[in-house]
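K.L.:
Take a look at the following structure, please.
The values are calculated or read from the model by the stated rules, or taken from the named source; none is laboratory data. The shown structure was predicted, so the numbers you read here are calculated from the model rather than taken from an experiment. Because the Cβ atoms are built from the backbone with ideal geometry, glycine has one as well, and the counts that use them run over all protein chains shown.
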Amino acid sequence: MALKRELESQGNWLFKFRGQLPVVLLIVQVVVYYFSVSGYKLKFEDPFVWGLVCLAVSLLGQAVRFTVIAYTPKNTSGRNTKTQVADTVNKTGIYSAVRHPLYLGNFFMWLGIAMITQDIAFVTIFILIFWLFYERIMYAEEQFLSRKFGDEYKEWAAEVPAFIPDFSKWVKSKSGFSLKNLIKRESVGIFNLFFVFWIFSLEYHVIRGSSDITSDPWFYVMIAMAITTIIIRVIRKKTNLLSVEGR
């Protein structure tokens, strides 16, 4: 029991700082990528082409997040950072196939970013850190949900895998698809994702001595993403167009 309490305590503490983990990993990755580029250790030299491969992996993770955000109601899959929040047990849609879909989405999203380095050791370390970090968070969340919802949660958790989806168990979501909620909650995340890819492309060109950043395709992608994100942010702040009741 002492170990269980310790794991839950660690999970609750890590839950509050889960948004800082990517920042720490990115700082380390910038250094790793510098040595890879400056030492000509990259197997795929074109940063844009390899970046598209990595982006595909990250967008897979983002697609998983979209499936969660677009269908789930308020206070079930939020961005809360201080305490656990849950009004109901999600048991339909993607939650009928996997218990922690948001963290599954985060894994692929960050895996694609880690792959930019083309460094197997760094990617392996990332996977290990992610697992140790989120294993404790998932444990703490499940303890909270188990105490709050009792047998309802335990029966669902006994049938649905924690992290590797089982789509044979899929049950259609009871909540309708909300594009407005998706745009409102994930537009900044998408911008940040493309911004990170542009940063590493910029780092590549600076290290290799290229001063013309406008020759980089990621530069124009970022301009388009920035304009789109600003427009969405203005709409969100100044109007109710993206407001959805119960979301």
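K.L.:
For the range 150-205, name all the residues that are hydrophobic (A, V, I, L, M, F, W, C) and not in a helix (DSSP H, G or I).
P.N.:
If the condition is that a residue be hydrophobic (A, V, I, L, M, F, W, C) and not in a helix (DSSP H, G or I), then 160, 162, 163, 164, 170, 171, 177 are the ones that fit.
K.L.:
Sticking with this one: I want to confirm something. Restricting to the range 198-222 and keeping residues that are at pLDDT 90 or above and among the hydroxyl-bearing types (Ser, Thr, Tyr), which single residue is surrounded by the fewest Cβ atoms within 10 Å (Cβ to Cβ)?
P.N.:
Taking the candidates together, the pick is 220.
K.L.:
Pairs needed: first member in the range 196-212, at negative phi and among the charged types (D, E, K, R); second member anywhere, part of a helix (DSSP H, G or I) and surrounded by fewer than 20 Cβ atoms within 10 Å (Cβ to Cβ); C-beta distance under 9 Å; at least 6 residues apart or different chains.
P.N.:
Cβ pairs passing all conditions: 203/30; 203/34; 208/38; 212/205.
K.L.:
Here's something else I'd like to know. Could we say that residue 236 is touching a Lys or Arg at 6+ places or on another chain (Cβ under 9 Å), farther than 23 Å from residue 94 by Cα, in contact (Cβ under 8 Å) with a residue 12 or more places away in the chain and buried (at least 17 other Cβ atoms within 10 Å of the Cβ) here?
P.N.:
Values: touching a Lys or Arg at 6+ places or on another chain (Cβ under 9 Å): yes; farther than 23 Å from residue 94 by Cα: yes; in contact (Cβ under 8 Å) with a residue 12 or more places away in the chain: yes; buried (at least 17 other Cβ atoms within 10 Å of the Cβ): yes.
Spelling it out, residue 236 is indeed touching a Lys or Arg at 6+ places or on another chain (Cβ under 9 Å), farther than 23 Å from residue 94 by Cα, in contact (Cβ under 8 Å) with a residue 12 or more places away in the chain and buried (at least 17 other Cβ atoms within 10 Å of the Cβ).
K.L.:
Might you let me know whether the range 58-70 holds any residue that is of a type in the set (Ser, Thr, Tyr), over 24 Å from residue 155 (Cβ atoms) and either modelled with pLDDT of 85 or more or assigned to a helix (DSSP H, G or I) (or both)?
P.N.:
Looking through the range 58-70, at least one residue is of a type in the set (Ser, Thr, Tyr), over 24 Å from residue 155 (Cβ atoms) and either modelled with pLDDT of 85 or more or assigned to a helix (DSSP H, G or I) (or both).
K.L.:
What number of residues within the range 123-138 are among the hydroxyl-bearing types (Ser, Thr, Tyr) and surrounded by fewer than 17 Cβ atoms within 10 Å (Cβ to Cβ)?
P.N.:
Of the residues in that region, 1 qualify.
K.L.:
May I pose another question? Taking the range 103-118 as the region of interest, how many residues are aromatic (Phe, Trp, Tyr) and either in contact (Cβ under 8 Å) with a residue 60 or more places away in the chain or touching a strand residue (DSSP E or B) at 6+ places or on another chain (Cβ under 6 Å) (or both)?
P.N.:
Residues flagged as aromatic (Phe, Trp, Tyr) and either in contact (Cβ under 8 Å) with a residue 60 or more places away in the chain or touching a strand residue (DSSP E or B) at 6+ places or on another chain (Cβ under 6 Å) (or both) within the range 103-118 amount to 2.
K.L.:
Determine, yes or no, whether residue 183 is within 25 Å of residue 56 (Cβ to Cβ) and in contact with a Lys or Arg (Cβ under 9 Å, 6 or more places away or on another chain).
P.N.:
yes
K.L.:
In this structure, is residue 19 within 20 Å of residue 108 (Cβ to Cβ), among the small types (Gly, Ala, Ser), loosely packed, with under 11 Cβ neighbours inside 10 Å and out of contact with any Leu (no Cβ under 6 Å at 6 or more places or on another chain)?
P.N.:
For residue 19, the condition - within 20 Å of residue 108 (Cβ to Cβ), among the small types (Gly, Ala, Ser), loosely packed, with under 11 Cβ neighbours inside 10 Å and out of contact with any Leu (no Cβ under 6 Å at 6 or more places or on another chain) - is met.
K.L.:
Also, quick follow-up: Restricting attention to the range 83-141, and to residues there that are in a helix (DSSP H, G or I) and among the charged types (D, E, K, R), which single residue is farthest from residue 5 (Cα to Cα)?
P.N.:
135
K.L.:
Among (1) surrounded by 12 or more Cβ atoms within 10 Å (Cβ to Cβ); (2) part of a helix (DSSP H, G or I), which single condition is residue 147 missing?
P.N.:
Among (1) surrounded by 12 or more Cβ atoms within 10 Å (Cβ to Cβ); (2) part of a helix (DSSP H, G or I), residue 147 violates only (1).
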